[in-house]
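Asks: Have a look at this one before I ask anything.
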Amino acid sequence: MTTDPARAAAKAPSLATQLHATAQCVLAVEQGRSLSDVLPQVASALRPGVQALTFQTLRHLGAARALGRLLVQRAPAPPVQALMHTALAVLLGDAQGQQYQAHTVVDQAVEAAKQSRDTRMQAGFVNACLRRFLREREALCAGLEDDPVARWNHPLWWIERLQQDHPEHWQSMLLASKLPGPMTLRVNRRRADRAVYLQALQAAGLVATPVGEDGLVLATPQPVERLPGFARGHCSVQDAAAQLAADLLLEGRTWSTTDRVLDACAAPGGKTAHLLERAELDLLALDMDPRRCERIHDNLRRLGLVAEVQCADAARTSAWWDGRAFDAILLDAPCTASGIVRRHPDVRWLRRSTDVDQLVAIQRQLLEALWPLLKPGGRLVYCTCSVFRAEGAQQVAAFLGRHTDALLQPSPGHLHPGMAVGGGEFPDNVSGGYDGFFYARIDKAAP
């Protein structure tokens with residue numbers, strides 16, 4: 001049975017409807033809400049298109065805000081402003097080869113304004129502002145060059161911190177953070193051989209490239225339903241940077257079920273599962289959010305893996321620790337998530353500069369609480385999905401200064417977003433590279 005393209009197009013949501021829903025998502029982010037909470041509330045038929053448009057808007061939000069200030073003398077009401085930012089960001093994206101004609105975006109943005117009582121009376125205003133942008137686009141965009149927030153589409157404090165932390169790479173890091181990250185799979189070696197699974201992908205018409213020990217980078221992102229054997233646990237979606245955790249924790253020795261391992265702050269369970277796919281372990285996974293603990297259970301069930309999962313605050317050891325020391329600890333600590341803004345473009349606009357110091361204090365508390373639980377001769381892997389040195393190299397240096405029995409081992413350190421995987425394994429970064437991460441393995445001196 002074939003589908004009539006005309007009938008399919010007629011059933012597809014209009015661009016106006018998508019812009020209206022996108023503007024609501026953008027408004028929610030500008031009011032401090034996470035997209036992880038907002039997007040699930042969008043109707044399922046609209047969600048793919050709205051997510052794509054919302055991501056595009058947030059990746060151009062600094063420029064869209066600056067243009068909005070140039071186009072109007074007084075800021076309109078927040079719902080109107082969010083629609084303006086959305087339309088301007090889509091128009092900016094159109095210059096980079098997006099699918100919509102500029103006049104179509106303007107017409108549909110006006111129709112989107114008419115769909116809500118909060119914006120209906122301002123449809124003419126939206127039309128006038130956007131048409132002025134089309135007429136004066138070149139001059140208006142030239143005026144943004146001296147505005148770093150508009151140029152780099154990140155908050156000023158974020159830009160300045162990157163300049164300080166990574167003086168040779170800050171520009172490439174900001175540019176990489178504006179692009180979508182690649183879709184990377186982790187093959188479950190307990191249920192599939194990577195070479196065989198790669199053939200299964202090819203048979204399904206999907207192109208992929210090996211990365212690391214267990215990874216495959218897809219040339220084009222796909223719904224997980226298209227991945228062979230996904231429901232049967234043959235693979236998971238996990239960035240190449242996140243897959244390094246298991247490599248670093250397990251390398252250099254043979255493991256068994258007598259080895260007790262802690263995965264602190266474990267949800268949603270990707271690193272937990274990777275450890276169990278690679279080795280037989282007595283593994284305890286902790287997370288303080290009951291809903292996120294359910295995600296750990298769900299992931300382990302799909303992959304055919306078993307671990308003890310507890311809902312607890314890892315820093316409050318008296319509430320959950322049974323007194324048996326661990327041979328290894330993985331601490332994927334709460335952080336700013338500044339390294340994964342390719343996948344979570346709302347993070348840059350939700351974070352505040354004060355968040356860094358608060359999260360550094362939490363990371364220090366976790367390190368101090370968990371270090372006594374590690375056996376002499378054991379190892380702790382500390383990681384964050386952050387590119388800020390305060391949450392990585394500086395945090396570890398301070399910890400080493402406080403603990404004479406802590407021995408830093410060769411570790412990846414700071415990985416930049418978009419950095420080529422494997423030290424040049426993918427020339428010209430065709431894979432999309434790593435997410436931004438920090439890794440340090442710290443061994444406890446034997447007595």
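The values are calculated or read from the model by the stated rules, or taken from the named source; none is laboratory data. These numbers come from a predicted model, not from an experiment. Here the Cβ positions follow ideal geometry from the backbone for every residue, glycine too, while neighbour counts run over all protein chains shown.
Asks: Within segment 332-410, which helices (runs of 4 or more DSSP H) (wholly inside it) include 3 or more residues that are modelled with pLDDT under 95, under 25 Å from Glu251 (Cα atoms) and in contact with a helix residue (DSSP H, G or I) (Cβ under 8 Å, 6 or more places away or on another chain)? Lay out the reasoning, then the answer.
Replies: Working: elements: 347-350, 353-370, 393-402.
Per the criteria, no element qualifies.
Asks: Another question, if that's okay. What number goes with the only condition from (1) free of Cβ contacts under 8 Å to residues at least 40 places away in the same chain; (2) in the same structural domain as Pro417 (by TED's automatic domain parsing) that Gln202 does not pass?
Replies: For Gln202, the failing item is (2).
Asks: Checking the structure you have, find out if any residue of segment 281-301 is in the same structural domain as Arg379 (by TED's automatic domain parsing), closer than 27 Å to Ser411 by Cβ and touching a Lys or Arg at 6+ places or on another chain (Cβ under 6 Å).
Replies: yes
Conditions tested, residue by residue: (1) within 13 Å of Val90 (Cα to Cα); (2) out of contact with any Lys or Arg (no Cβ under 9 Å at 6 or more places or on another chain); (3) without any contact (Cβ under 8 Å) to a residue 60 or more places away in the chain; (4) crowded, with 17+ Cβ neighbours inside 10 Å.
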| position | (1), (2), (3), (4) |
| --- | --- |
| Leu19 | yes, yes, no, yes |
| Gln24 | no, yes, yes, yes |
| Gln31 | no, yes, yes, no |
| Ser34 | no, yes, no, no |
| Val38 | no, yes, yes, yes |
| Val42 | no, yes, yes, yes |
| Leu53 | yes, yes, yes, yes |
| Thr57 | yes, yes, yes, yes |
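Asks: Determine if segment 134-149 includes at least one residue that is crowded, with 21+ Cβ neighbours inside 10 Å and either at pLDDT 95 or above or in the same structural domain as Arg342 (by TED's automatic domain parsing) (or both).
Replies: Taking segment 134-149 and keeping what is crowded, with 21+ Cβ neighbours inside 10 Å, we get none.
Checking segment 134-149: not a single residue is crowded, with 21+ Cβ neighbours inside 10 Å and either at pLDDT 95 or above or in the same structural domain as Arg342 (by TED's automatic domain parsing) (or both).
Asks: Hey, another quick one. Might you check whether a residue that is touching a residue at least 24 places away in the same chain (Cβ under 8 Å), aromatic (Phe, Trp, Tyr) and within 28 Å of Leu179 (Cα to Cα) occurs anywhere in segment 110-130?
Replies: no
Asks: Another question, then. Quick check on my filter: what residues within segment 35-70 are at pLDDT below 95 and in contact with a Cys (Cβ under 6 Å, 6 or more places away or on another chain)?
Replies: Answer for segment 35-70, where residues must be at pLDDT below 95 and in contact with a Cys (Cβ under 6 Å, 6 or more places away or on another chain): there is none.
Asks: Right, another one. If I filter segment 358-365 for residues that are assigned by TED's automatic domain parsing to the domain that holds Ala266, of a type in the set (S, T, N, Q) and surrounded by fewer than 20 Cβ atoms within 10 Å (Cβ to Cβ), do I get at least one hit?
Replies: Let us first name the residues in segment 358-365 that are assigned by TED's automatic domain parsing to the domain that holds Ala266, namely 358-365.
From what's left, of a type in the set (S, T, N, Q): 358, 363, 365.
Now drop any that are not surrounded by fewer than 20 Cβ atoms within 10 Å (Cβ to Cβ), which leaves 358, 365.
For segment 358-365, residues assigned by TED's automatic domain parsing to the domain that holds Ala266, of a type in the set (S, T, N, Q) and surrounded by fewer than 20 Cβ atoms within 10 Å (Cβ to Cβ): present.
Asks: Next up: With the structure loaded, tell me whether Glu138 is within 24 Å of Gly433 (Cα to Cα) and among the acidic types (Asp, Glu) or whether it fails that test.
Replies: Values: within 24 Å of Gly433 (Cα to Cα): no; among the acidic types (Asp, Glu): yes.
No, not satisfied.
Asks: Could you check, for segment 254-266, whether at least one of its residues is part of a loop (DSSP other than H, G, I, E, B), within 22 Å of Leu407 (Cβ to Cβ) and among the charged types (D, E, K, R)?
Replies: Taking segment 254-266 and keeping what is part of a loop (DSSP other than H, G, I, E, B), we get 254-259, 265-266.
Now drop any that are not within 22 Å of Leu407 (Cβ to Cβ), which leaves 254-255, 259.
Now restrict to residues that are among the charged types (D, E, K, R): 259.
The answer is yes, given that some residue of segment 254-266 is part of a loop (DSSP other than H, G, I, E, B), within 22 Å of Leu407 (Cβ to Cβ) and among the charged types (D, E, K, R).
Asks: Scan segment 98-118 residue by residue and report those that are closer than 15 Å to Val80 by Cα and either at pLDDT below 95 or touching a Lys or Arg at 6+ places or on another chain (Cβ under 9 Å) (or both).
Replies: Those that are closer than 15 Å to Val80 by Cα and either at pLDDT below 95 or touching a Lys or Arg at 6+ places or on another chain (Cβ under 9 Å) (or both): Val106, Ala113, Lys114, Gln115, Ser116, Arg117, Asp118.
Asks: Select, from Ala112, Ala75, Ala139, the only residue that is more than 30 Å from Asp239 (Cα to Cα) and not in a helix (DSSP H, G or I).
Replies: Values: Ala112 fails: not in a helix (DSSP H, G or I); Ala139 fails: not in a helix (DSSP H, G or I).
Going through Ala112, Ala75, Ala139 in turn, just one is more than 30 Å from Asp239 (Cα to Cα) and not in a helix (DSSP H, G or I): Ala75.
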